Structure formats: C-alpha cells, structure tokens
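See below for the structure under consideration.
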Amino acid sequence: MSRQERKNMIEFITKNREFNSEKLMYMTDDEIEHIYKNIYYHCQEFVEDNIII
C-alpha cells in the first residue's frame, strides 16, 4: 500500500470512528486495511438502508 493510500485510510477511520491516529500509525498495513474495510462496509450498509426512492 502506498503512503497516500495509508494516509487516506487513516483519515477515513479517524473521521468515522473514535480511533487515536497515533495508535493507527503503529499498526501494520493489513491491520489498517482490515479496520478500514469494516468501517467502510458499515457506512455503505447504512447509506443503502437509508436511500429514499
């Protein structure tokens, strides 16, 4: 993962959940990606459940 991708994922995680960005800095890329995907999945479900047609 590139530095920019990692930075973007950390920003997304900290904006959507209460995570200490300092703790995230010491995590591996795989750990960051796992957390990101879980949060993204939940956000996506929320949006899909709340779409008004």
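Couple of notes before you dig in:
- Taking every residue in the range 1-16 that is at negative phi and pairing it with any residue that is modelled with pLDDT under 95 and assigned to a loop (DSSP other than H, G, I, E, B), at least 6 positions away or on another chain, the pairs with Cβ-Cβ distances below 7 Å are Ile13/Phe19.
- Residues within the range 11-36 that are in a loop (DSSP other than H, G, I, E, B) and not aliphatic (A, V, I, L, M), tallied: 6
- Consider the range 23-49 and keep the residues that are under 11 Å from Met9 (Cβ atoms) and free of Cβ contacts under 8 Å to residues at least 12 places away in the same chain. The one that is surrounded by the most Cβ atoms within 10 Å (Cβ to Cβ) is Met27.
The values are calculated or read from the model by the stated rules, or taken from the named source; none is laboratory data. Since we're looking at a predicted model, the values are computed, not measured. Positions of Cβ are backbone-derived with ideal geometry, glycine not excepted, and every protein chain shown enters the neighbour counts.
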